[in-house]
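Structure, as structure tokens:
Coordinate-derived values only; no laboratory data. Note that the coordinates shown come from a computational prediction; the quantities given were computed from them, not determined experimentally. Methodologically, a virtual Cβ is constructed for each residue, glycine included, from the backbone with ideal geometry; neighbour enumeration extends over all protein chains shown.
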Amino acid sequence: MIEFFFLLLPCLALLLDWFFGEPKRWHPLVGFGFLADRAEAFFNIVNASKDSQRLLGVLAWSLLVLPLPLLLLFLPDTLYGGLVEVFLLYLAVGRRSLVEHALAVKIALDCSSLQAGREKVSWMVSRQTDSLSEGQVVKATLESVLENGNDALFGALFCYLVAGAPGVVLFRLANTLDAMWGYRTPRLLHFGWAAARLDDVLNYPSARLTALSYALLGRTRWALHCWRTQAMLCDSPNGGVVMSAGAGSLGVILGGGGYYHGQWQDKPILGCGREPQRDDILASVRLFNRTTLLWLFCMTLLIFLFQW
């Protein structure tokens, strides 16, 4: 009975996310973000040398990220431990939130409110959105669904499969610090270097599995071609893989430059086919949902075979 329960842990976590979404109040990651802000203000000496800033960034990252996963190594392999794993995995995934944010952009554009669409998409991306055209709003939404599909869900599921609750918590905390510190601004360029690189390492295998899943569940030939020829053009070793394969799978063109933190950044063109339209937001959500079902099926099968 207990063995069967452990087979269902990922499904149970996603069911909690399906019904309740992210906690509206007292989300642990909000408290972690507060600690991360305090740690950055304390450890980040902006006038220090590059090596000193990087060393301080590694120290701050280690103090914030490592203690809880190490503590969870002692989580008992019992029904109680399984319930804790379900809860932690539920907190780590963000499937419903990502879908709701994407659909909110679609609804705003369908209501002919470009300004509302810009506002909604600003909750999903780090670029400036106040001057985006409708096509650019749609592109930004698709890119967020495809890339955050790995960051918000598939990366956490992969780390759970490999390392259980400690792996999930390690992944989510590291990903959160990358989102907070991993920018190439003058203040964070060197201090956030470790957070960005370590997140790249943790995401490396899951990003490629996510890209392969996108390819298998859409226009496979286009997706694989875009992955092979375009992924290396991106600065991110993982984001380029996921978005190029996802864009090819959907048969749309993504990418292009934008303003990030007040500075223009050139971005490569990804995908092939046509310019995206509003309905492609729904297509990206459907691709994300199909990929979720595929991952749950494969994970359950692997856990069953391993325990058998």
Calculated on alpha-carbon atoms, Rg and Dmax of segment 194-263 in Å: 12.7, 38
Helix-only CD estimate at 222 nm, as mean residue ellipticity for the chain, using -39500 (n - 2.57) per DSSP H run (n ≥ 4): -23000 deg cm²/dmol
Value of Rg/Rh across segment 152-308 [Cα atoms, Kirkwood radius]: 1.00
Proximal lysines to Lys24, defined as alpha-carbon separation beneath 27 angstrom and excluding residues fewer than eight positions away on the same chain: Lys106, Lys120
Rounded to 5, the percent of DSSP beta bridges in the chain classed as antiparallel: 90 percent
Calculated FRET value between Asp266 and Leu296, using beta carbons and R₀ = 30 Å, to 0.05: 0.20
Set of aspartates and glutamates near Lys139 by C-alpha distance (under 14 Å), chain-local residues within fewer than 8 positions excluded: Glu147, Glu275, Asp279, Asp280
Whole-number D in µm² s⁻¹ for segment 105-165, Kirkwood Cα-pair radius fed into Stokes-Einstein, 4 °C, 1.567 mPa s: 102 µm²/s
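Can you give the charge dipole size of segment 195-308 about its Cα centre, rounded to the nearest 20 debye, using +1 on the beta carbon of Lys and Arg and -1 on the beta carbon of Asp and Glu? Don't jump to the answer; show the numbers that get you there.
On the way: 10 positive and 7 negative charges, 69 e Å.
Roughly 340 debye for segment 195-308.
Could you state the orientation-averaged shadow area of the convex hull built on the Cα atoms of segment 76-198, in nm² to one decimal? Please report the intermediate quantities before stating the final value.
Details: hull surface 36.1 nm².
The directionally averaged projection comes out at 9.0 nm².
About the Cα centre, and with charges only on the beta carbon of Lys, Arg (+1) and Asp, Glu (-1), how big is the dipole of the chain? Nearest 20 debye, please. List each step's numbers first, then the result.
Values: 25 positive and 24 negative charges, 80 e Å.
The calculation lands at about 380 debye.
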Selection from Leu161, Val105, Gln128 lying farthest towards where the dipole of segment 88-166 points positive, charges on Cβ: Leu161
Residue order, fewest to most surrounding Cβ atoms within 10 angstrom, among Lys50, Lys106: Lys50, Lys106
Angstrom value of the Kirkwood radius, inverse mean 1/r, which spans all Cα pairs in the chain: 20.1 Å
Convex hull (Cα only) mean projected area of segment 1-98, reported in nm² to one decimal: 8.2 nm²
